[in-house]
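Presented below is the structure to which this report refers.
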Amino acid sequence: MMKPTEEIVISGFGGQGVLLAGKLLCIAAMRGGRHVSHIPSYGAEMRGGTANCSVVISDEPVASPVVEHPGVVIALNEPSVAKFEPKMRPGGLLIWNSSLVKTPPTRQDLQIVDLDATGISLEEGTERGANMAALGALIALREGFLSLEALDEALDEAVSARNRERNPVNRRILRAGYSAASAA
Amino acid sequence: MSKKTVLMKGNEALAEAALIAGCRHYFAYPITPQNEIPAYMAKRMPELGGVFLQAESELAAINMVMGAAAGGARTMTSSSSPGMALKQEGISYISGAELPCVLVNVMRGGPGLGGIAGAQGDYFQATRGGGNGDYRNIVLAPGNAQELADFTVDAFDLADEYRIPVMILADGFLGQMSEAVVLPEPTGKTFEKDWALTGAKDRNKRLVASLRLAEGSLEAHNLHLQKKYDSITQALRRFETYKTDDADYVLVAYGTSARISRQAVDRLREAGVKAGLFRPTSLWPFPDKELHELARKAKRILTVEMSLGQMVEDVRLAVEGRCPVEFHGRAGGALPALDDVIETVMRFEREEVTHVHAS
(Lines give C-alpha, C1' and ligand atoms only; values in the text may rest on other atoms or scores of the structure.)
Protein backbone atom coordinates (compact mmCIF):
# COMPACT_ATOMS: atom_id res chain seq x y z
CA MET A 1 0.00 0.00 0.00
CA MET A 2 1.50 3.33 -1.07
CA LYS A 3 1.59 6.09 1.46
CA PRO A 4 0.24 9.42 0.21
CA THR A 5 2.70 11.95 -1.22
CA GLU A 6 3.21 14.82 1.21
CA GLU A 7 3.80 18.28 -0.24
CA ILE A 8 4.86 20.57 2.58
CA VAL A 9 5.82 24.23 2.90
CA ILE A 10 7.58 25.48 6.02
CA SER A 11 7.74 29.25 6.28
CA GLY A 12 8.80 31.93 8.72
CA PHE A 13 11.30 34.70 9.38
CA GLY A 14 14.91 34.10 8.48
CA GLY A 15 16.47 32.62 11.63
CA GLN A 16 13.41 30.64 12.73
CA GLY A 17 14.95 27.48 11.39
CA VAL A 18 12.56 26.74 8.54
CA LEU A 19 15.28 25.22 6.34
CA LEU A 20 16.48 22.97 9.16
CA ALA A 21 12.92 21.85 9.90
CA GLY A 22 12.52 20.84 6.26
CA LYS A 23 15.81 18.97 6.28
CA LEU A 24 14.83 17.05 9.40
CA LEU A 25 11.63 15.85 7.73
CA CYS A 26 13.61 14.80 4.65
CA ILE A 27 16.29 12.92 6.56
CA ALA A 28 13.75 11.12 8.74
CA ALA A 29 11.66 10.13 5.71
CA MET A 30 14.75 9.17 3.69
CA ARG A 31 15.86 6.82 6.48
CA GLY A 32 12.36 5.34 6.25
CA GLY A 33 13.05 4.48 2.61
CA ARG A 34 10.97 7.18 0.95
CA HIS A 35 11.87 9.56 -1.87
CA VAL A 36 12.45 13.11 -0.62
CA SER A 37 13.29 16.57 -1.94
CA HIS A 38 13.97 19.85 -0.17
CA ILE A 39 14.40 23.18 -1.90
CA PRO A 40 14.65 26.63 -0.33
CA SER A 41 13.03 29.63 -1.89
CA TYR A 42 15.91 31.83 -2.86
CA GLY A 43 14.06 34.65 -4.52
CA ALA A 44 14.37 38.31 -3.69
CA GLU A 45 12.59 38.14 -0.34
CA MET A 46 11.95 41.32 1.61
CA ARG A 47 13.63 41.86 4.96
CA GLY A 48 11.03 40.89 7.56
CA GLY A 49 9.19 38.82 5.00
CA THR A 50 9.28 35.08 4.69
CA ALA A 51 11.96 32.50 4.22
CA ASN A 52 10.50 29.18 3.16
CA CYS A 53 11.26 25.75 1.84
CA SER A 54 9.32 23.16 -0.11
CA VAL A 55 9.53 19.54 1.00
CA VAL A 56 8.17 16.59 -0.97
CA ILE A 57 8.02 13.09 0.55
CA SER A 58 6.75 10.31 -1.66
CA ASP A 59 6.87 6.61 -2.51
CA GLU A 60 7.54 7.63 -6.14
CA PRO A 61 10.54 9.57 -7.48
CA VAL A 62 9.85 13.26 -6.83
CA ALA A 63 8.87 15.17 -9.96
CA SER A 64 8.98 18.89 -9.22
CA PRO A 65 10.62 19.88 -5.93
CA VAL A 66 8.73 23.17 -5.93
CA VAL A 67 5.40 22.89 -4.12
CA GLU A 68 2.77 25.13 -5.70
CA HIS A 69 -0.26 23.90 -3.75
CA PRO A 70 0.86 22.50 -0.40
CA GLY A 71 -1.11 19.91 1.53
CA VAL A 72 0.71 20.90 4.71
CA VAL A 73 1.86 24.39 5.70
CA ILE A 74 3.77 25.32 8.83
CA ALA A 75 3.50 29.11 9.15
CA LEU A 76 5.76 30.52 11.85
CA ASN A 77 4.99 34.19 11.22
CA GLU A 78 2.24 36.47 9.94
CA PRO A 79 3.47 36.97 6.34
CA SER A 80 3.68 33.18 5.96
CA VAL A 81 -0.02 32.75 6.69
CA ALA A 82 -0.89 35.53 4.26
CA LYS A 83 1.31 34.05 1.54
CA PHE A 84 0.49 30.34 1.77
CA GLU A 85 -3.07 30.00 3.12
CA PRO A 86 -4.55 30.98 -0.27
CA LYS A 87 -2.34 28.48 -2.11
CA MET A 88 -3.22 25.43 -0.04
CA ARG A 89 -4.98 22.39 -1.39
CA PRO A 90 -8.51 21.91 0.04
CA GLY A 91 -8.42 19.56 3.01
CA GLY A 92 -4.84 20.54 3.82
CA LEU A 93 -3.32 20.99 7.27
CA LEU A 94 -2.25 24.50 8.29
CA ILE A 95 -0.28 24.80 11.55
CA TRP A 96 0.15 28.46 12.48
CA ASN A 97 2.20 30.08 15.19
CA SER A 98 -0.33 31.79 17.46
CA SER A 99 2.50 33.36 19.50
CA LEU A 100 3.34 35.71 16.62
CA VAL A 101 0.47 35.68 14.12
CA LYS A 102 -2.19 38.27 14.95
CA THR A 103 -4.48 37.55 11.96
CA PRO A 104 -5.66 33.94 12.15
CA PRO A 105 -6.29 31.96 8.97
CA THR A 106 -9.93 31.85 7.88
CA ARG A 107 -10.42 29.20 5.21
CA GLN A 108 -13.20 26.76 6.02
CA ASP A 109 -11.90 23.94 3.80
CA LEU A 110 -8.63 23.41 5.73
CA GLN A 111 -7.67 21.72 8.98
CA ILE A 112 -6.37 24.75 10.84
CA VAL A 113 -4.38 24.23 14.04
CA ASP A 114 -3.09 27.08 16.17
CA LEU A 115 0.08 26.37 18.09
CA ASP A 116 1.79 28.61 20.65
CA ALA A 117 5.05 27.59 19.01
CA THR A 118 7.32 30.42 20.15
CA GLY A 119 5.72 30.32 23.61
CA ILE A 120 6.43 26.60 23.90
CA SER A 121 10.01 27.22 22.83
CA LEU A 122 10.44 30.06 25.36
CA GLU A 123 9.52 27.68 28.17
CA GLU A 124 12.81 25.95 27.34
CA GLY A 125 14.57 29.30 27.52
CA THR A 126 14.98 29.96 23.80
CA GLU A 127 12.83 31.60 21.16
CA ARG A 128 14.58 29.71 18.41
CA GLY A 129 12.80 26.39 18.85
CA ALA A 130 9.42 27.28 17.33
CA ASN A 131 10.37 25.13 14.35
CA MET A 132 10.78 22.11 16.65
CA ALA A 133 7.44 22.74 18.38
CA ALA A 134 5.74 22.90 14.99
CA LEU A 135 7.38 19.68 13.81
CA GLY A 136 6.20 17.96 16.99
CA ALA A 137 2.67 19.18 16.28
CA LEU A 138 2.87 17.91 12.69
CA ILE A 139 3.91 14.44 13.90
CA ALA A 140 0.98 14.40 16.32
CA LEU A 141 -1.56 15.51 13.72
CA ARG A 142 -0.39 13.36 10.76
CA GLU A 143 -0.82 9.80 11.95
CA GLY A 144 1.54 7.27 10.38
CA PHE A 145 3.70 9.94 8.72
CA LEU A 146 6.85 9.99 10.85
CA SER A 147 7.76 9.17 14.44
CA LEU A 148 9.31 11.42 17.07
CA GLU A 149 12.18 8.92 17.30
CA ALA A 150 12.89 9.28 13.57
CA LEU A 151 13.20 13.05 14.06
CA ASP A 152 15.45 12.50 17.10
CA GLU A 153 17.87 10.60 14.90
CA ALA A 154 17.56 13.12 12.08
CA LEU A 155 18.54 15.87 14.53
CA ASP A 156 21.87 14.19 15.22
CA GLU A 157 22.50 13.79 11.51
CA ALA A 158 21.42 17.27 10.38
CA VAL A 159 22.96 19.44 13.06
CA SER A 160 26.66 20.29 13.02
CA ALA A 161 28.82 18.88 15.83
CA ARG A 162 29.08 22.36 17.31
CA ASN A 163 25.30 22.69 17.73
CA ARG A 164 24.58 19.08 18.68
CA GLU A 165 24.75 19.92 22.37
CA ARG A 166 21.49 21.81 21.88
CA ASN A 167 19.68 18.70 20.68
CA PRO A 168 18.35 17.68 24.12
CA VAL A 169 16.58 21.05 24.25
CA ASN A 170 15.37 20.57 20.67
CA ARG A 171 13.96 17.16 21.58
CA ARG A 172 12.11 18.53 24.61
CA ILE A 173 10.53 21.29 22.50
CA LEU A 174 9.64 18.71 19.83
CA ARG A 175 7.76 16.69 22.45
CA ALA A 176 6.10 19.76 23.99
CA GLY A 177 4.77 20.65 20.52
CA TYR A 178 3.59 17.07 20.08
CA SER A 179 1.73 17.15 23.41
CA ALA A 180 0.15 20.55 22.76
CA ALA A 181 -1.24 19.40 19.41
CA SER A 182 -2.39 16.05 20.84
CA ALA A 183 -4.31 17.84 23.59
CA ALA A 184 -6.01 20.25 21.20
CA MET B 1 27.05 -2.71 3.61
CA SER B 2 26.92 -0.21 0.78
CA LYS B 3 28.01 3.37 1.20
CA LYS B 4 25.73 5.55 3.20
CA THR B 5 22.85 7.47 1.70
CA VAL B 6 23.06 11.13 2.64
CA LEU B 7 20.82 14.13 2.07
CA MET B 8 22.82 16.53 -0.09
CA LYS B 9 22.15 19.65 -2.06
CA GLY B 10 22.72 19.05 -5.78
CA ASN B 11 25.47 21.67 -6.03
CA GLU B 12 27.32 20.15 -3.08
CA ALA B 13 26.97 16.60 -4.43
CA LEU B 14 28.55 17.81 -7.66
CA ALA B 15 31.38 19.57 -5.82
CA GLU B 16 32.19 16.54 -3.67
CA ALA B 17 32.10 14.32 -6.78
CA ALA B 18 34.67 16.54 -8.46
CA LEU B 19 36.94 16.02 -5.45
CA ILE B 20 36.32 12.26 -5.57
CA ALA B 21 37.37 12.35 -9.24
CA GLY B 22 40.67 13.92 -8.22
CA CYS B 23 39.99 17.54 -9.11
CA ARG B 24 42.41 19.66 -7.09
CA HIS B 25 42.31 22.81 -9.26
CA TYR B 26 39.03 24.68 -9.26
CA PHE B 27 38.60 28.26 -10.47
CA ALA B 28 35.36 30.22 -10.36
CA TYR B 29 33.58 33.49 -9.85
CA PRO B 30 30.39 33.46 -7.75
CA ILE B 31 26.88 33.56 -9.21
CA THR B 32 23.46 32.28 -8.08
CA PRO B 33 22.19 29.51 -8.29
CA GLN B 34 25.51 27.64 -8.17
CA ASN B 35 27.17 29.40 -5.22
CA GLU B 36 27.19 26.29 -3.04
CA ILE B 37 29.86 24.87 -5.38
CA PRO B 38 32.50 27.54 -4.68
CA ALA B 39 31.42 27.69 -1.02
CA TYR B 40 31.96 23.93 -0.72
CA MET B 41 35.29 24.10 -2.55
CA ALA B 42 36.45 26.97 -0.33
CA LYS B 43 35.98 24.69 2.68
CA ARG B 44 37.15 21.35 1.24
CA MET B 45 40.03 22.22 -1.13
CA PRO B 46 42.40 23.37 1.64
CA GLU B 47 41.65 20.15 3.57
CA LEU B 48 42.78 18.15 0.53
CA GLY B 49 45.78 20.29 -0.36
CA GLY B 50 44.07 21.53 -3.52
CA VAL B 51 43.52 24.98 -4.94
CA PHE B 52 40.29 26.94 -5.16
CA LEU B 53 41.07 30.33 -6.55
CA GLN B 54 38.17 32.76 -6.67
CA ALA B 55 39.06 34.65 -9.82
CA GLU B 56 38.47 38.35 -10.44
CA SER B 57 36.10 37.50 -13.29
CA GLU B 58 34.65 34.62 -15.29
CA LEU B 59 37.19 35.30 -18.05
CA ALA B 60 40.03 34.94 -15.59
CA ALA B 61 38.55 31.73 -14.17
CA ILE B 62 38.24 29.97 -17.55
CA ASN B 63 41.76 31.00 -18.52
CA MET B 64 43.08 29.63 -15.21
CA VAL B 65 41.34 26.38 -16.14
CA MET B 66 43.17 26.48 -19.49
CA GLY B 67 46.48 26.89 -17.71
CA ALA B 68 45.86 24.13 -15.18
CA ALA B 69 44.63 21.78 -17.92
CA ALA B 70 47.72 22.53 -20.06
CA GLY B 71 49.79 21.51 -17.05
CA GLY B 72 48.01 18.16 -16.95
CA ALA B 73 45.84 18.80 -13.88
CA ARG B 74 42.25 17.69 -13.44
CA THR B 75 40.49 21.05 -13.37
CA MET B 76 37.00 22.48 -13.28
CA THR B 77 35.08 25.73 -13.35
CA SER B 78 31.42 26.33 -12.59
CA SER B 79 29.04 29.17 -13.23
CA SER B 80 25.49 29.99 -14.25
CA SER B 81 24.14 31.24 -17.54
CA PRO B 82 25.43 34.84 -17.87
CA GLY B 83 28.71 33.71 -16.34
CA MET B 84 28.99 30.89 -18.88
CA ALA B 85 28.42 33.44 -21.64
CA LEU B 86 31.52 35.26 -20.44
CA LYS B 87 33.59 32.07 -20.53
CA GLN B 88 32.91 31.23 -24.17
CA GLU B 89 36.13 32.67 -25.59
CA GLY B 90 38.18 30.52 -23.25
CA ILE B 91 36.09 27.44 -24.01
CA SER B 92 36.75 27.88 -27.72
CA TYR B 93 40.51 28.25 -27.09
CA ILE B 94 40.54 25.18 -24.81
CA SER B 95 38.65 23.22 -27.46
CA GLY B 96 41.15 24.30 -30.12
CA ALA B 97 44.06 23.32 -27.90
CA GLU B 98 42.37 19.98 -27.06
CA LEU B 99 42.64 20.37 -23.32
CA PRO B 100 40.56 18.27 -20.93
CA CYS B 101 38.47 20.07 -18.32
CA VAL B 102 35.05 20.01 -16.73
CA LEU B 103 32.65 22.93 -17.12
CA VAL B 104 29.52 23.25 -15.01
CA ASN B 105 26.55 25.40 -15.95
CA VAL B 106 23.74 25.52 -13.38
CA MET B 107 21.33 27.39 -15.61
CA ARG B 108 19.16 30.36 -14.69
CA GLY B 109 16.75 32.37 -16.82
CA GLY B 110 17.98 34.82 -19.46
CA PRO B 111 18.74 36.53 -21.75
CA GLY B 112 21.19 38.91 -20.14
CA LEU B 113 21.35 38.84 -16.37
CA GLY B 114 17.77 37.53 -16.45
CA GLY B 115 16.67 36.07 -13.12
CA ILE B 116 18.04 33.70 -10.51
CA ALA B 117 15.49 30.87 -10.76
CA GLY B 118 16.32 27.71 -12.69
CA ALA B 119 15.85 27.49 -16.45
CA GLN B 120 17.03 25.56 -19.53
CA GLY B 121 17.66 28.43 -21.89
CA ASP B 122 21.33 27.61 -22.55
CA TYR B 123 20.82 24.44 -24.60
CA PHE B 124 21.96 26.22 -27.75
CA GLN B 125 24.91 27.83 -25.95
CA ALA B 126 26.01 24.46 -24.58
CA THR B 127 25.46 22.23 -27.61
CA ARG B 128 26.24 24.66 -30.45
CA GLY B 129 28.97 26.52 -28.65
CA GLY B 130 28.92 30.21 -27.85
CA GLY B 131 32.54 30.49 -28.88
CA ASN B 132 33.95 30.69 -32.38
CA GLY B 133 35.04 27.95 -34.72
CA ASP B 134 34.24 24.34 -35.51
CA TYR B 135 34.20 22.72 -32.09
CA ARG B 136 32.06 20.52 -29.92
CA ASN B 137 31.96 19.86 -26.21
CA ILE B 138 30.49 16.77 -24.60
CA VAL B 139 27.37 17.92 -22.74
CA LEU B 140 25.89 15.73 -20.00
CA ALA B 141 22.42 16.36 -18.57
CA PRO B 142 21.84 15.02 -15.03
CA GLY B 143 18.29 14.72 -13.67
CA ASN B 144 18.82 14.51 -9.92
CA ALA B 145 21.43 14.99 -7.20
CA GLN B 146 22.70 11.43 -7.62
CA GLU B 147 23.39 12.01 -11.30
CA LEU B 148 24.98 15.38 -10.57
CA ALA B 149 27.53 13.39 -8.58
CA ASP B 150 27.86 10.36 -10.87
CA PHE B 151 28.05 12.33 -14.13
CA THR B 152 30.69 14.64 -12.67
CA VAL B 153 33.01 11.74 -11.81
CA ASP B 154 32.44 10.37 -15.31
CA ALA B 155 32.99 13.80 -16.89
CA PHE B 156 36.60 13.92 -15.68
CA ASP B 157 37.35 10.54 -17.25
CA LEU B 158 35.65 11.47 -20.53
CA ALA B 159 37.56 14.77 -20.64
CA ASP B 160 40.90 13.01 -20.21
CA GLU B 161 40.02 10.15 -22.58
CA TYR B 162 39.06 12.45 -25.45
CA ARG B 163 41.04 15.59 -24.54
CA ILE B 164 37.87 17.64 -24.66
CA PRO B 165 35.89 19.96 -22.36
CA VAL B 166 32.93 18.14 -20.81
CA MET B 167 30.03 20.26 -19.64
CA ILE B 168 27.56 19.34 -16.93
CA LEU B 169 24.37 21.17 -17.92
CA ALA B 170 22.00 21.36 -14.97
CA ASP B 171 19.19 23.77 -14.11
CA GLY B 172 19.00 25.87 -10.97
CA PHE B 173 16.33 23.65 -9.43
CA LEU B 174 18.67 20.64 -9.59
CA GLY B 175 21.48 22.68 -8.07
CA GLN B 176 19.36 24.01 -5.20
CA MET B 177 17.44 20.84 -4.38
CA SER B 178 18.54 18.44 -1.62
CA GLU B 179 17.97 14.75 -2.27
CA ALA B 180 19.25 11.33 -1.27
CA VAL B 181 22.74 10.69 -2.63
CA VAL B 182 25.16 7.80 -2.37
CA LEU B 183 28.50 9.39 -3.15
CA PRO B 184 30.30 7.61 -6.00
CA GLU B 185 33.65 5.86 -5.71
CA PRO B 186 36.70 7.03 -7.68
CA THR B 187 36.89 5.11 -10.97
CA GLY B 188 40.63 4.56 -10.61
CA LYS B 189 41.19 5.24 -14.31
CA THR B 190 44.46 6.96 -15.18
CA PHE B 191 45.38 8.71 -18.39
CA GLU B 192 48.86 9.33 -19.72
CA LYS B 193 49.19 12.99 -20.68
CA ASP B 194 52.16 12.96 -23.04
CA TRP B 195 51.20 16.42 -24.26
CA ALA B 196 51.07 18.20 -20.89
CA LEU B 197 53.40 21.08 -20.09
CA THR B 198 55.29 19.69 -17.13
CA GLY B 199 58.76 21.19 -17.64
CA ALA B 200 60.90 20.18 -20.64
CA LYS B 201 64.06 19.16 -18.76
CA ASP B 202 65.47 16.00 -20.41
CA ARG B 203 62.72 15.77 -22.99
CA ASN B 204 61.63 17.46 -26.22
CA LYS B 205 59.59 20.61 -25.89
CA ARG B 206 55.82 20.51 -26.17
CA LEU B 207 53.41 23.15 -27.40
CA VAL B 208 49.79 23.70 -26.38
CA ALA B 209 48.13 26.30 -28.59
CA SER B 210 45.03 27.11 -30.59
CA LEU B 211 46.76 29.35 -33.15
CA ARG B 212 47.64 27.54 -36.43
CA LEU B 213 48.92 29.84 -39.15
CA ALA B 214 50.90 27.54 -41.45
CA GLU B 215 49.10 26.93 -44.73
CA GLY B 216 46.77 23.94 -44.46
CA SER B 217 47.57 23.27 -40.82
CA LEU B 218 44.30 24.64 -39.45
CA GLU B 219 42.16 22.62 -41.84
CA ALA B 220 44.16 19.52 -40.98
CA HIS B 221 43.51 20.28 -37.31
CA ASN B 222 39.81 20.84 -37.98
CA LEU B 223 39.63 17.48 -39.74
CA HIS B 224 41.45 15.82 -36.85
CA LEU B 225 38.97 17.37 -34.39
CA GLN B 226 36.05 16.31 -36.54
CA LYS B 227 37.30 12.73 -36.57
CA LYS B 228 37.39 12.84 -32.80
CA TYR B 229 33.88 14.31 -32.63
CA ASP B 230 32.64 11.57 -34.98
CA SER B 231 34.05 8.84 -32.77
CA ILE B 232 32.46 10.46 -29.68
CA THR B 233 29.15 10.62 -31.54
CA GLN B 234 29.42 6.87 -32.21
CA ALA B 235 30.43 5.95 -28.67
CA LEU B 236 28.57 8.29 -26.39
CA ARG B 237 24.91 8.84 -27.28
CA ARG B 238 23.30 8.49 -23.87
CA PHE B 239 19.67 8.36 -22.87
CA GLU B 240 17.14 6.70 -20.61
CA THR B 241 13.72 5.45 -21.68
CA TYR B 242 10.67 5.06 -19.46
CA LYS B 243 7.62 3.12 -20.64
CA THR B 244 8.40 3.79 -24.31
CA ASP B 245 8.04 0.21 -25.61
CA ASP B 246 4.42 0.59 -26.69
CA ALA B 247 4.15 4.39 -26.42
CA ASP B 248 1.85 6.27 -28.78
CA TYR B 249 3.09 9.55 -27.33
CA VAL B 250 6.77 9.98 -26.51
CA LEU B 251 7.74 12.87 -24.25
CA VAL B 252 11.32 14.12 -24.69
CA ALA B 253 12.84 16.10 -21.82
CA TYR B 254 15.99 16.45 -19.72
CA GLY B 255 16.78 17.75 -16.23
CA THR B 256 13.91 18.99 -14.08
CA SER B 257 11.57 18.99 -17.11
CA ALA B 258 12.15 15.23 -17.39
CA ARG B 259 11.19 14.65 -13.76
CA ILE B 260 7.86 16.38 -14.35
CA SER B 261 7.39 14.58 -17.68
CA ARG B 262 8.02 11.21 -16.05
CA GLN B 263 5.24 11.82 -13.56
CA ALA B 264 3.01 12.95 -16.42
CA VAL B 265 3.70 9.59 -18.11
CA ASP B 266 2.56 7.74 -14.96
CA ARG B 267 -0.63 9.78 -14.71
CA LEU B 268 -1.39 9.36 -18.42
CA ARG B 269 -0.86 5.59 -18.17
CA GLU B 270 -3.29 5.52 -15.22
CA ALA B 271 -5.80 7.26 -17.52
CA GLY B 272 -5.24 4.62 -20.20
CA VAL B 273 -3.08 6.77 -22.50
CA LYS B 274 0.08 5.07 -23.79
CA ALA B 275 2.72 7.67 -23.01
CA GLY B 276 6.47 7.22 -22.48
CA LEU B 277 9.54 9.32 -21.75
CA PHE B 278 12.78 9.57 -23.72
CA ARG B 279 15.36 11.39 -21.58
CA PRO B 280 18.65 12.31 -23.26
CA THR B 281 21.44 12.27 -20.69
CA SER B 282 23.97 13.42 -23.27
CA LEU B 283 22.81 16.51 -25.17
CA TRP B 284 25.91 16.49 -27.32
CA PRO B 285 26.15 14.00 -28.80
CA PHE B 286 22.36 13.88 -29.02
CA PRO B 287 20.93 10.32 -29.05
CA ASP B 288 19.32 10.87 -32.45
CA LYS B 289 19.27 7.35 -33.89
CA GLU B 290 17.59 5.98 -30.79
CA LEU B 291 14.91 8.68 -30.78
CA HIS B 292 14.40 8.15 -34.51
CA GLU B 293 13.57 4.50 -33.86
CA LEU B 294 10.94 5.44 -31.28
CA ALA B 295 9.45 8.01 -33.65
CA ARG B 296 8.80 5.27 -36.23
CA LYS B 297 6.24 3.70 -33.89
CA ALA B 298 4.89 6.80 -32.10
CA LYS B 299 1.88 8.86 -33.10
CA ARG B 300 3.37 12.09 -31.80
CA ILE B 301 6.34 13.41 -29.87
CA LEU B 302 6.12 16.16 -27.26
CA THR B 303 9.29 17.99 -26.26
CA VAL B 304 9.06 19.60 -22.80
CA GLU B 305 11.61 22.26 -21.84
CA MET B 306 12.19 25.14 -19.45
CA SER B 307 12.84 27.33 -22.49
CA LEU B 308 10.70 28.42 -25.39
CA GLY B 309 12.09 25.78 -27.71
CA GLN B 310 15.76 24.81 -28.05
CA MET B 311 16.27 21.03 -27.71
CA VAL B 312 13.14 20.63 -29.83
CA GLU B 313 15.33 21.48 -32.86
CA ASP B 314 17.54 18.44 -32.18
CA VAL B 315 14.41 16.36 -31.65
CA ARG B 316 13.08 17.43 -35.06
CA LEU B 317 16.44 16.67 -36.69
CA ALA B 318 16.42 13.21 -35.11
CA VAL B 319 12.80 12.42 -35.94
CA GLU B 320 13.20 13.46 -39.60
CA GLY B 321 9.47 13.86 -40.08
CA ARG B 322 8.60 10.33 -39.01
CA CYS B 323 5.85 11.75 -36.80
CA PRO B 324 4.72 15.22 -35.69
CA VAL B 325 6.94 16.89 -33.07
CA GLU B 326 5.10 19.22 -30.69
CA PHE B 327 6.46 21.52 -28.01
CA HIS B 328 5.52 22.63 -24.51
CA GLY B 329 7.79 25.03 -22.67
CA ARG B 330 7.96 27.49 -19.81
CA ALA B 331 10.63 30.15 -19.51
CA GLY B 332 12.03 32.80 -17.23
CA GLY B 333 12.40 30.59 -14.16
CA ALA B 334 8.97 28.93 -14.41
CA LEU B 335 8.47 25.17 -14.27
CA PRO B 336 6.26 23.18 -16.63
CA ALA B 337 3.08 22.35 -14.69
CA LEU B 338 2.29 18.65 -14.43
CA ASP B 339 -1.36 19.25 -15.36
CA ASP B 340 -0.40 21.24 -18.46
CA VAL B 341 1.87 18.45 -19.73
CA ILE B 342 -0.85 15.86 -19.11
CA GLU B 343 -3.52 18.01 -20.78
CA THR B 344 -1.32 18.56 -23.85
CA VAL B 345 -1.00 14.79 -24.40
CA MET B 346 -4.72 14.27 -23.66
CA ARG B 347 -5.44 16.78 -26.42
CA PHE B 348 -3.27 14.75 -28.82
CA GLU B 349 -5.28 11.65 -27.90
CA ARG B 350 -8.59 13.45 -28.54
CA GLU B 351 -7.30 14.77 -31.88
CA GLU B 352 -6.09 11.31 -32.93
CA VAL B 353 -9.53 9.83 -32.15
CA THR B 354 -11.26 12.59 -34.12
CA HIS B 355 -8.84 12.02 -36.97
CA VAL B 356 -9.57 8.28 -37.06
CA HIS B 357 -13.33 8.89 -37.04
CA ALA B 358 -13.06 11.43 -39.84
CA SER B 359 -11.02 9.20 -42.14
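The values are calculated or read from the model by the stated rules, or taken from the named source; none is laboratory data. Just so you know, these numbers come straight off a predicted model, no measurement behind them. So basically every Cβ, Gly included, is an ideal-geometry build from the backbone, and we count neighbours across all protein chains shown. To get the accessible areas, we keep the full protein, side chains included, count just its heavy atoms, and leave off ligands, DNA and RNA. Shrake-Rupley method; radii C 1.70, N 1.55, O 1.52, S 1.80 Å.
Worth a mention:
- Compared with the direct C-alpha span, the chain from B:Glu270 to B:Leu218 gains 13.0 nm at full extension, assuming 0.36 nm per residue.
- log₁₀ of I(q)/I(0) at q = 0.11, 0.12 Å⁻¹ - the protein assembly as shown, Debye sum with one point per alpha carbon: -1.01, -1.15
- Order by protection proxy (mean Cβ within 10 Å, highest first), peptides B:260-266, B:9-15, B:290-296: B:9-15, B:260-266, B:290-296
- With all protein chains in place and a 1.4 Å probe, the accessible surface of the protein assembly as shown carries 52 percent carbon and sulfur.
- Per-residue ³J(HN,Hα) for region B:211-220, Karplus 6.51 cos²θ - 1.76 cosθ + 1.60, θ = phi - 60°, Hz, x for Gly and Pro: 8, 9, 9, 4, 4, x, 6, 5, 5, 4
- Shielding of B:172-183 by partner chains, average beta-carbon count, 10 Å: 5
- Rounded to the nearest 20 debye, the dipole magnitude of chain B is 480 debye, with +1 charges on Lys and Arg beta carbons, -1 on Asp and Glu beta carbons, and the Cα centre as origin.
- For residues of A:55-65, the mean tally of beta carbons on other chains within 10 Å: 5
- Cα centroid separation, region B:209-243 to region B:46-74 (Å): 25
- For region B:95-102, the Karplus equation 6.51 cos²θ - 1.76 cosθ + 1.60, evaluated at θ = phi - 60°, returns couplings of 5, x, 7, 6, 9, x, 6, 10 Hz by residue, with Gly and Pro reported as x.
- Sequence ranges A:19-26, A:87-94, ranked by mean other-Cβ count within 10 angstrom, highest first: A:19-26, A:87-94
- Chain B: most fluctuating residue of B:Asp122, B:Asp339, B:Asp288 per GNM, C-alpha cutoff 10 Å: B:Asp339
- Exceedance of the 26 Å cut-off in Cα-Cα distance is limited, within the set B:Lys4/B:Lys43; B:Lys189/B:Lys227; A:Lys83/B:Lys43, to A:Lys83/B:Lys43.
- Peptide B:262-270 - average C-beta neighbours from other chains (10 Å radius): 2
- Cα convex hull volume per residue for region B:5-235 (Å³): 127
- Annotation: per residue accessible area for the protein assembly as shown equals 43 Å², rounded to a whole number [probe 1.4 Å, protein chains only].
- For the pair A and B, the buried accessible area comes to roughly 1700 Å² in total, with a 1.4 Å probe and the value rounded to the nearest 100.
- When the alpha carbon gyration tensor of region B:239-358 is reduced to an equivalent ellipsoid, its three semi-axes come out at 20, 17, 13 angstrom, largest first.
- Karplus (6.51, -1.76, 1.60) ³J(HN,Hα), θ = phi - 60°, over region B:332-348, in Hz, Gly and Pro reported as x: x, x, 8, 9, x, 7, 3, 4, 5, 5, 4, 4, 4, 6, 4, 5, 4
- Among beta bridges that DSSP assigns inside region A:6-183, antiparallel share in %, nearest 5: 50
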